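Undergrad: Below you'll find the structure I mean.
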Amino acid sequence: MCIERFLDQCLLIYRRKCRENHSIVLSFGDLVSIYGFTIISELRTSLPERAAVDDKMSDFLALLKEYLEDDMEMKFEKCHPYRISFGISLELLTDDVRLMPVIIERCIEHLEFRGLNATGIYRKSPTVENIDALYQAFERDLYCNLMLHSVITIAALVKDFLRQLPEPLLTFSLYSEFLKAANIACIRVRISRLHSLVELLPSANLCIFDRLIIHLARVASLKGNMMTATGLAVIFAPNLMRSRNSNRESEFRDTSKKTIIIETFLSDCIRKLGLEHDDCSR
């Protein structure tokens, strides 16, 4: 991670936050945590936390650059080895023009081009070596040649990308409301409520979720791949939804509701697209 890229991302966050709240004040620590780094505890006290980000953004960035230039790698530890594109906020991967992260867009398009009929496409797991190779390929070039990688590896990367987001695609703030909707017995009412909740998502989240559901509906519509709407919901629900203070107990308790939510979206999409009996090959 180069300092210039880090500073560019800080400035990007700052500008977006200012559009949302003109009186926003972000500290050094805020920007660092948003970017996805964990501050090493031994050096936490040395951070200029009081250097607020306000109208003197250039002064702040100068201070930040000076601090980072003193052995940046010793000041932060990465939570994931592939940090430029994975495991960081959607704020850093999208903008007002591009709402779909390049990685997700390319993987889904490629899978629909050559992989929808692959048996167990989202159920099977690639080798560690294969998934690492694809991670590294994307880190080197977002437009790497996906034909060099297996369908199962690309599908696994889609799941990994969603799972590693700092905030799940369906967001922390809407988690409890989604769970309440799962309890609605009438399917029509449940569908209506779920769609009203989805409309509350940030633009990028909504764009990604809509594209993902359409993609998974197409996967579920093909009998040859052995992937049903229920099976896909079981696989993707944990990657798309979690509470802010999740733990094993709560995750286990909410599993069935989360599965119902994603399966409801998929079944509704399959119906709307008229894919119930689509068994054609690609």
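The values are calculated or read from the model by the stated rules, or taken from the named source; none is laboratory data. Since we're looking at a predicted model, the values are computed, not measured. We place every Cβ from the backbone using ideal geometry, glycine too, and count neighbours over all the protein chains shown. Areas reflect the complete protein model, heavy atoms only, side chains present, ligands, DNA and RNA absent. Shrake-Rupley method; radii C 1.70, N 1.55, O 1.52, S 1.80 Å.
Undergrad: Open to solvent by less than 40 Å² (accessible area, probe 1.4 Å), among the basic types (Lys, Arg) and farther than 29 Å from residue 113 by Cβ: is that true of residue 242 in this structure?
TA: Judged against the criteria, residue 242 is not a match.
Undergrad: Among the residues in the range 104-111, are any open to solvent by less than 30 Å² (accessible area, probe 1.4 Å) and basic (Lys, Arg)?
TA: no
Undergrad: Only one of 134, 179, 216 is of a type in the set (A, V, I, L, M) and in contact with a Ser or Thr (Cβ under 6 Å, 6 or more places away or on another chain); which?
TA: So the residue among 134, 179, 216 that is of a type in the set (A, V, I, L, M) and in contact with a Ser or Thr (Cβ under 6 Å, 6 or more places away or on another chain) is 134.
Undergrad: Oh, and also: Given the structure, is residue 161 farther than 25 Å from residue 258 by Cα and buried (at least 18 other Cβ atoms within 10 Å of the Cβ)?
TA: Judged against the criteria, residue 161 is not a match.
Undergrad: Right, another one. If you go through the range 253-269 one residue at a time, do you hit one that is more than 20 Å from the chain's Cα centre (by Cα), within 23 Å of residue 124 (Cα to Cα) and among the basic types (Lys, Arg)?
TA: Within the range 253-269 (the criterion being more than 20 Å from the chain's Cα centre (by Cα), within 23 Å of residue 124 (Cα to Cα) and among the basic types (Lys, Arg)), the answer is no, since none of the residues qualifies.
Undergrad: On to the next question. Taking the criterion of being over 14 Å from residue 261 (Cβ atoms) and among the β-branched types (Val, Ile, Thr), would at least one residue in the range 144-151 satisfy it?
TA: Yes: one or more hits.
Undergrad: Also, quick follow-up: State which residue is surrounded by the most Cβ atoms within 10 Å (Cβ to Cβ) when the search covers only the range 112-133 and only residues that are of a type outside the set (A, V, I, L, M) and assigned to a helix (DSSP H, G or I).
TA: 130
Undergrad: May I pose another question? Tally the residues that are open to solvent by 70 Å² or more (accessible area, probe 1.4 Å), within 16 Å of residue 268 (Cα to Cα) and not hydrophobic (A, V, I, L, M, F, W, C), restricting the search to the range 164-198.
TA: Counting residues in the range 164-198 that are open to solvent by 70 Å² or more (accessible area, probe 1.4 Å), within 16 Å of residue 268 (Cα to Cα) and not hydrophobic (A, V, I, L, M, F, W, C) gives 3.
Undergrad: Let me ask something else about it. Of all residues in the range 126-169, count the ones that are farther than 24 Å from residue 242 by Cα and small (Gly, Ala, Ser).
TA: 3
Undergrad: Starting from the range 130-151, take each residue that is in contact (Cβ under 8 Å) with a residue 24 or more places away in the chain and list its partners that are open to solvent by less than 70 Å² (accessible area, probe 1.4 Å) and of a type in the set (S, T, N, Q), counting only C-beta distances under 7 angstrom and pairs at least six apart or across chains.
TA: From the range 130-151, the pairs are 131/153; 138/85; 139/85.
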